[in-house]
Amino acid sequence: MKVTGFTFIRNAIKLDYPIVEAINSILPICDDFVVAVGNSEDETLNLIQSIDPSKIRILETIWDDSLRENGAVLADETNKAFQAIGKESNWAFYIQGDEVIHEKYLETIQRAMVHYKDRSDIDGLLFNYFHFYGSYDYVGASTSWYGEEIRVIKNNKNFHSFKDAQGFRKNENQKLNVAKIPAFVYHYGWVKEPKAMQLKQESFNKLWHDDDWMEENIVKADFFEYEEHISQLKVFDGSHPQLMEDRIKRKNWKFDFDISTNKRSFKDRTKDLLLFFGINASYRNYKLIERFK
């Protein structure tokens, strides 16, 4: 069995992405790794080149900044990396620049890939998510955060990144058949030094919206105000991946949230009620075939 990791990145230093931690978190169970490094305004290329050169293969790309609807350029860059994976690979392990896998899940992920390698009815593996917000101590508790997504797929070139690179589809627009595994992705996209978070907001919203929308909706500021954008949070009482320890120690801003002020939205309460009657109304970007234990 051969496993190839893949991802894309641009301006990782400027926007404070934990891309090195992301790649290194799955590198132990990848035979090689394709990184699409976009045209950056910082030393992102050198940063990626500093990671294990025996496994890392860099694909230098130019982002199509005209793809400003629904974050399509992110899917475009993901597809470039995926298409560069050789046909000898059985699995492609996708991770984004702000996602990290805890080392405690690697053995489970590897077992699942072995188990499903020759199962033609399984296209990929589905992961749970922790979405950290504001600091490393809180995670999103609202249904507005997606709870699951595909991160390991068969190396089938009929598969492609979907919409803003959240997940994958096959052929024209078919959902992938997946097995859900007991493993989490730690998503740190909303935990950055406030200045870097503000830069990300200004930079990334350009990938979804035109200039007029940006002018009307994105506040010009030096620092991102986390408190003004809070949905619902809960305290995270688990451990972080070891690779994140140094980054967590370097955290230089303060964010606290009183979880007693949480209020369930009407949408959340409706979904809770439906779930009580056995109806899962959450959006699913996949077809769940079975659960792996």
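Each residue in segment 59-78 was checked for being in a helix (DSSP H, G or I) and either surrounded by fewer than 19 Cβ atoms within 10 Å (Cβ to Cβ) or touching a helix residue (DSSP H, G or I) at 6+ places or on another chain (Cβ under 9 Å) (or both), and 4 of them qualify. Only one entry of 134, 97 meets the criterion of being under 18 Å from the mean Cα position of the chain (by Cα) and modelled with pLDDT under 95, and that entry is 134. Of the residues making up segment 137-165, those that are surrounded by fewer than 16 Cβ atoms within 10 Å (Cβ to Cβ), at pLDDT 95 or above and either farther than 18 Å from residue 92 by Cα or touching a helix residue (DSSP H, G or I) at 6+ places or on another chain (Cβ under 9 Å) (or both) number 1. Selection of segment 185-200 for residues being assigned to a loop (DSSP other than H, G, I, E, B) and either acidic (Asp, Glu) or out of contact with any helix residue (DSSP H, G or I) (no Cβ under 8 Å at 6 or more places or on another chain) (or both) yields 191, 193. Among residues belonging to segment 103-121 that are of a type outside the set (Lys, Arg) and farther than 17 Å from residue 155 by Cβ, point out the one that is surrounded by the most Cβ atoms within 10 Å (Cβ to Cβ). Only one residue fits best here, namely 105. Check segment 11-24 and report whether any residue there is free of Cβ contacts under 8 Å to residues at least 60 places away in the same chain and basic (Lys, Arg). No, the conditions are met nowhere in segment 11-24.
Residues considered: 56, 51. Of these, the only one that is surrounded by fewer than 18 Cβ atoms within 10 Å (Cβ to Cβ), β-branched (Val, Ile, Thr) and either closer than 20 Å to residue 250 by Cβ or at pLDDT 95 or above (or both) is 51.
The values are calculated or read from the model by the stated rules, or taken from the named source; none is laboratory data. Because the structure is predicted, anything quoted here is derived from the model rather than measured. A quick note on method: Cβ atoms are made from the backbone with ideal geometry, for glycine too, and the neighbour counts reach across all protein chains shown.
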